[in-house]
Amino acid sequence: MADGRYAAGIAAGRLDSAQYAENFSDLHPPFDQHEALVEADRCYFCYDAPCMQACPTSIDIPLFIRQIATGNPLGSAKTIFDQNILGGMCARVCPTETLCEEACVREAAEGKPVQIGRLQRYATDTAMARGRQFYERAAPTGKRIAVVGAGPAGLACSHRLSMHGHEVTIFEAKPKAGGLNEYGIAAYKTPDGFAQAEVDYILSIGGITIENGKALGRDFALADLTANYDAVFLGAGLAGVNALRAQGEDAAGVENAVDFIATLRQADDLSKLPVGRNVIVIGGGMTAIDAAIQSKLLGAEQVTICYRRGREHMNASEYEQELAAANGVVIRHWLQPRRVIVENGKAVGLELEYTALRDGRLVGTGEAVTLEADQIFKAIGQSFDPVPLNGSGNAIEMEAGRIRVDAEGRTSLPKVWAGGDCVLGGDDLTVSAVAQGRDAAESIHRTLVG
Amino acid sequence: MADIRNNFVGIKSPNPFWLASAPPTDKEYNVVRAFKAGWGGVVWKTLGEEGPPIVNVNGPRYGAIWGADRRLLGLNNIELITDRELQTNLREIKQVKRDWPDRALVVSLMVPCEENAWKAILPLVEETGADGIELNFGCPHGMSERGMGSAVGQVPEYIEMVTRWCKQNTRMPVIVKLTPNITDIRYPARAAKHGGADAVSLINTVSSITSVDLDTFSPEPSIDGKGSHGGYCGPAVKPIALNMVAEIARDPETAGLPISGIGGVTTWRDAAEFMALGAGNVQVCTAAMTYGFKIVQEMIEGLKNWMDEKGHARLEDFIGRATPNVTDWQYLNLNYVTKAHIDQDLCIKCGRCHIACEDTSHQAITAMVDGARHFEVIEEECVGCNLCVNVCPVEGCITMQPLAAGALDKRTGKIVEPVYANWTTHPNNPAAKIAAE
C-alpha cells in the first residue's frame, strides 16, 4: 500500500504507481474480432431502426453493424463517419444507455441491447488504426470560414466545410484542440491520447488551420471575424460554471469539477495529482459522476455525491450512477449545500440541508447534516458566458442564457452560425454538438455556394 | 418410461441412434468410445476391396459454413472410404461385435461394379459376425470418378443389379444407401426394392462447394489452390433429407420399405421428425463430429421424455405417423384460410415483418399507426403466407390463425367454406375434374 493512502487533506500519491495505470485504463476494453462478430450478429437489422432514430447524428446503425458482421469494418466506419466524423469518440463517451441502446429492440425483448457503442468503436478504431481516410475535398470554393472553438461542434463543422472545398480557420482558446473531448471527459473513457488522435484524423482531410491560444473577446472580436471571413461558426461551449451559493464557497479545497477533470486529463503523472481524503461532489449530472469516480480512482478514501433532488431526477444515466456505485462512490439524494465549514482558510466539512418537493417546488426542510470534507467539487452545471461576444456590433440574440439558433444553426446575426453546448436546444452531449456542427456546415455551404 | 429399443430389419439396438458410416466409425478405438457413450449402433466406415489401401488427400478434407457465433451449420468433406487395410478393419469389426453384442454393427461396402468383387468381400464381412451391410451408393466425390459411390447410385439399374448380387450372396440384411444427387429419389429407392433390398438409408452427402477464398480464388476446402466438390452434410441438409425420406415412405411402390434416416440429425427432435416421416431409425455423423459422442445422451433422454409426454410407449407408436400427412400440392385444402396475427405484448417493434411484407410480399403489415411505431396485420391484404412468422425474431409473437368456417375473408370478400376443396376441382383449373351431375 502506498504510504500516502490515508494522508489528511488534499494530497498526491495515495496509490502505488501501478494502481494508477490500472484505475485509469480503458473502461470498456475494445472488442476483438470474434467478439465483434458475435455481437454484430445479435442485431436484427430493424426496419426504420429505433436506434438510428435515437441517435442525434442519425448514424445508420443497422447498416454499419451488418457491415461488421459481413467482414467489412472499413465500410462500417465510413457509414458511421458519413454522419458523425467524431464517431470514434462518440463510441466511447455517448450515454448509449439513454440513446441508441435504450431504443434497441433487444432492450425491450431481453433487457440486453446490442452493444452498439462498442461495435461503433470496433469499426472506427479499425479505420483509424489503418489510417484510412474516406473523404476528399471538393474543388476549392475560395470561401473562408472562421470557426470559434475546436470542440466537437467546431471540428465536425470544420470537417464538413473542408469536404465542400472551403478553407477553415479554427480559433481555440486552449492550447489543444478537442474541447471537452480533451479537457472534460473522464480519463478512463478515452485513454491513450485518443482525443488528440481523433483530432489529427479529422484534420488530415486538409484545409483546416487551428490557431490555439486565441480566445474570443480577448484576442479577437466577433466583428473581426464577420469582417474578414465569409461565414463564422460559433462552437465556444460553456465557459461559465454555476455558483454554489453556499457560505464559504471561496475556501481552499472548494473547486469546480470541470477544472479538476481538465487538470486530471492533462496530467502526465497522476501520482502527482493531489486529491482529498474525503471528497464531496455537489451535483447530479455526468460531470459530477466523472469527478466523483476519478477522485475515488485517484485514491480518495470517501467520495460522496450530494444531489438536491431524487435519484430519478439525476441527469446522469442509471448506468453512470451504477458505475459510480461500483467504484465505491456514495450517492446521497435530497441534500443541498448550506455552508462550507472552514478552518484556517481550508474546507474541512460541508453542512447540507435536507430538501423535499412540496407542491412541485424544491424546498429545504430545515434539517441539516454535516459531512467531513477536505475537497469539495462543484458540478452543478455550466453556463454560457456571453461577455466575450459583447462589443461585436449587433448583439447576438440569446435565450435562456444561450445563443438562439434556428433549425439550421443560424443565429440572429447574418453570416454567423452556432452549435454545440453554447446554443439553446441541445442536450449538452458530444454527439449533439457533432450533429449541430455538421448541419451548420451544410447550411453555411448552401448559403455560400447555393 | 418409454421403451426406445430398436429393431431395424431384424437388427436390434438399445436405441435408434446409430453412427453413420463416416470418420467416427473408421476404427475400433472410435467405435468403442461411441458404444461406451451410449450409441445404439454404428455403420462401420466403408470398406473397399482387398488391395493397396485407398489414398486420401493430405491437405484439408473438410469445409464448412457457420451461423452465429461460428456454430457449424453445414460440413463438407472430400474424404474417401477407409484408407486402412481391409484385414485390419475386418479383424476390428469382429472384435467389436464380440465385445458389444447388444449393439448394432453394420458394415458399409463399396467395391467395383462387378459381381465378383461383391462375391469376394461379402463372405469376409459375414465372417465377422456383423449384423448387416450397407451398400455405399452415395459418396459424391472421388470414388464416383472411379465408377463407384454415387456413380452407381445415380443409375437405378445399377442399384438394382448390385443389390441383387448382394442379396444372392449373403444372408445378411442389405441396406442400400442412396445419394441425394439425383432428380427424383423414388427411382433409386424403387430400384433398391426391386433388387431385394431389406432397407434403404438416406441421404448420403450433397455435392457442394462450401465457399471460395476471395484472395486465392480457390474453392474450399482448398488443396494447394484447387478444390473439388465435396459431400455436404449437417443441419443445413436436414430439410432435403426429410423430404426424400417422406417421398419414399409415401410412394406406393416403396411404401413399407424400411428406411434409416440420415441428414443433419443433431437432436432428439430431429430424430423424432425423421421417424415420424417413416424412418425406422436414424444415423448421425456431423453432430458427433462437431460435439463428440456425448450428444447421444441428450438424444436418448430427449426422445424418451417426449415419448413419455405424448404417451408413445414404443418407437413403433410414432414411426410413420406424419407420413400420411405428406401429400401433393394439388390436394391441399384451398378452403383453409389463415391470417397472420401479431401479439402486441410480445412484439419488440423490430419491424422485420413489416419490411419483409412491404418490400417483398403483400403490403399487409403496418409500420405506423396514429403516428406511433406499430406493426399490425392488414387482413384485407394478408394472404396468410407465413413469411412474417418466419422472419420475426420472437418465437410465438406472430402466429397464423385459421379463419373459422363461415367467417369473412376480408381479402377476397368471400365467406370461408366449411368443406375441403382442392385444386383438382377448382374452377380455375382447366383440367378440373367436374363432379358428376
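The values are calculated or read from the model by the stated rules, or taken from the named source; none is laboratory data. Just so it is clear, the model here is predicted, and its values are computed rather than measured. Note: ideal-geometry Cβ built from the backbone for every residue, glycine included; neighbour counts use all protein chains shown. For the accessible areas, the whole protein counts, side chains as well, though only heavy atoms, and no ligand, DNA or RNA atoms are used. Shrake-Rupley method; radii C 1.70, N 1.55, O 1.52, S 1.80 Å.
Things to note:
- Pick from the range A:58-85, criterion part of a loop (DSSP other than H, G, I, E, B), of a type in the set (S, T, N, Q) and surrounded by fewer than 24 Cβ atoms within 10 Å (Cβ to Cβ), ranking: modelled with the lowest pLDDT: A:T70
- Inside the range B:87-119, residues that are of a type in the set (F, W, Y) and over 18 Å from B:V176 (Cβ atoms) make up a count of 1.
- Condition met for A:A129 (within 14 Å of chain B (Cβ to nearest Cβ), open to solvent by 30 Å² or more (accessible area, probe 1.4 Å) and closer than 25 Å to A:H34 by Cα): no
- Filtered residue count, the range B:23-66, keeping only those that are touching a strand residue (DSSP E or B) at 6+ places or on another chain (Cβ under 6 Å) and assigned to a loop (DSSP other than H, G, I, E, B): 6
- Any hit, the range A:49-57, residues being within 30 Å of B:A372 (Cβ to Cβ), in a loop (DSSP other than H, G, I, E, B), open to solvent by 10 Å² or more (accessible area, probe 1.4 Å) and hydrophobic (A, V, I, L, M, F, W, C): yes
- Within the range B:210-253, the set of residues being of a type in the set (K, R) and under 12 Å from the mean Cα position of the chain (by Cα) comprises B:K238 only.
- Within the range A:431-450, the set of residues being modelled with pLDDT of 95 or more and not aliphatic (A, V, I, L, M) comprises A:S432, A:Q436, A:G437, A:R438, A:D439, A:E442, A:S443, A:H445, A:R446, A:T447.
- Top-ranked residue of the range A:135-147 - restricted to ones that are open to solvent by 10 Å² or more (accessible area, probe 1.4 Å) and either in a strand (DSSP E or B) or small (G, A, S) (or both), ranked as farthest from A:I85 (Cα to Cα): A:G142
- Only one of the numbered conditions (1) over 21 Å from A:G142 (Cα atoms); (2) without any contact (Cβ under 8 Å) to a residue 24 or more places away in the chain is not met by A:G450, and that is (1).
- Enumeration of residues in the range A:86-110 that are surrounded by fewer than 22 Cβ atoms within 10 Å (Cβ to Cβ) and within 11 Å of another protein chain (Cβ to nearest Cβ): A:R106, A:E107, A:A108, A:A109, A:E110
- Scan of the range B:118-166 for residues that are among the aliphatic types (A, V, I, L, M) and under 23 Å from B:N181 (Cβ atoms), ordered by number: B:I133, B:L135, B:M143, B:M148, B:A151, B:V152, B:V155, B:I159, B:M161, B:V162
- Scope the range A:44-68; condition within 14 Å of chain B (Cβ to nearest Cβ) and either under 15 Å from A:Y122 (Cα atoms) or among the aliphatic types (A, V, I, L, M) (or both); matching residues: A:A49, A:M52, A:A54, A:I61, A:P62, A:L63, A:I65, A:R66, A:I68
- Filter pass, A:H28 being of a type outside the set (D, E, K, R), within 14 Å of another protein chain (Cβ to nearest Cβ), open to solvent by 50 Å² or more (accessible area, probe 1.4 Å) and over 30 Å from A:V348 (Cα atoms): no
- Helices (runs of 4 or more DSSP H) contained in the range A:253-335 and holding at least 2 residues open to solvent by 60 Å² or more (accessible area, probe 1.4 Å), over 25 Å from A:Q196 (Cβ atoms) and out of contact with any His (no Cβ under 7 Å at 6 or more places or on another chain): A:318-326
- Among (1) surrounded by fewer than 17 Cβ atoms within 10 Å (Cβ to Cβ); (2) within 12 Å of another protein chain (Cβ to nearest Cβ); (3) within 24 Å of B:V416 (Cα to Cα), the one test that B:D359 misses: (3)
- Hits in the range A:158-211 - residues which are in a helix (DSSP H, G or I), basic (K, R) and at pLDDT 95 or above: A:R160
- Of all residues making up the range B:67-85, the number that are more than 14 Å from chain A (Cβ to nearest Cβ) and either in a strand (DSSP E or B) or surrounded by fewer than 17 Cβ atoms within 10 Å (Cβ to Cβ) (or both): 8
Results for (1) closer than 30 Å to B:R70 by Cβ; (2) not in a loop (DSSP other than H, G, I, E, B), shown as yes or no for each residue.
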{"site": "A:R14", "(1), (2)": "no, no"}
{"site": "A:E22", "(1), (2)": "no, yes"}
{"site": "A:D26", "(1), (2)": "yes, no"}
{"site": "A:E39", "(1), (2)": "yes, yes"}
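- Number of residues in the range A:409-422 that are touching a Gly at 6+ places or on another chain (Cβ under 8 Å) and either without any contact (Cβ under 8 Å) to a residue 40 or more places away in the chain or of a type in the set (G, A, S) (or both): the value is 4.
- The sole residue among B:E395, B:E380, B:E376 that is within 30 Å of A:A54 (Cβ to Cβ) and surrounded by fewer than 16 Cβ atoms within 10 Å (Cβ to Cβ) is B:E395.
- Residues of the range B:366-399 classified as facing chain A (nearest Cβ under 10 Å) and either farther than 24 Å from A:E110 by Cα or among the β-branched types (V, I, T) (or both), total: 2
- Test: residue in the range B:335-353 that is in contact with a strand residue (DSSP E or B) (Cβ under 6 Å, 6 or more places away or on another chain), open to solvent by 30 Å² or more (accessible area, probe 1.4 Å) and within 14 Å of chain A (Cβ to nearest Cβ): yes
- Any hit, the range B:13-22, residues being touching a residue at least 12 places away in the same chain (Cβ under 8 Å), assigned to a loop (DSSP other than H, G, I, E, B), farther than 30 Å from B:E316 by Cα and touching a helix residue (DSSP H, G or I) at 6+ places or on another chain (Cβ under 9 Å): no
- Which numbered condition B:T323 fails, given (1) open to solvent by less than 60 Å² (accessible area, probe 1.4 Å); (2) within 14 Å of chain A (Cβ to nearest Cβ): (2)
- Residue check, A:G13 surrounded by 14 or more Cβ atoms within 10 Å (Cβ to Cβ), touching a strand residue (DSSP E or B) at 6+ places or on another chain (Cβ under 7 Å) and away from every other protein chain (no Cβ under 14 Å): no
- Hits in the range A:413-450 (condition: under 20 Å from A:S383 (Cα atoms) and polar (S, T, N, Q)): A:T430, A:S432, A:Q436
- Selection over the range A:358-408 of residues that are small (G, A, S), in contact (Cβ under 8 Å) with a residue 40 or more places away in the chain and in a loop (DSSP other than H, G, I, E, B) gives a count of 6.
- Among the criteria (1) among the β-branched types (V, I, T); (2) outside any helix (DSSP H, G or I); (3) within 25 Å of B:M244 (Cβ to Cβ), the one B:V383 does not fulfil is (3).
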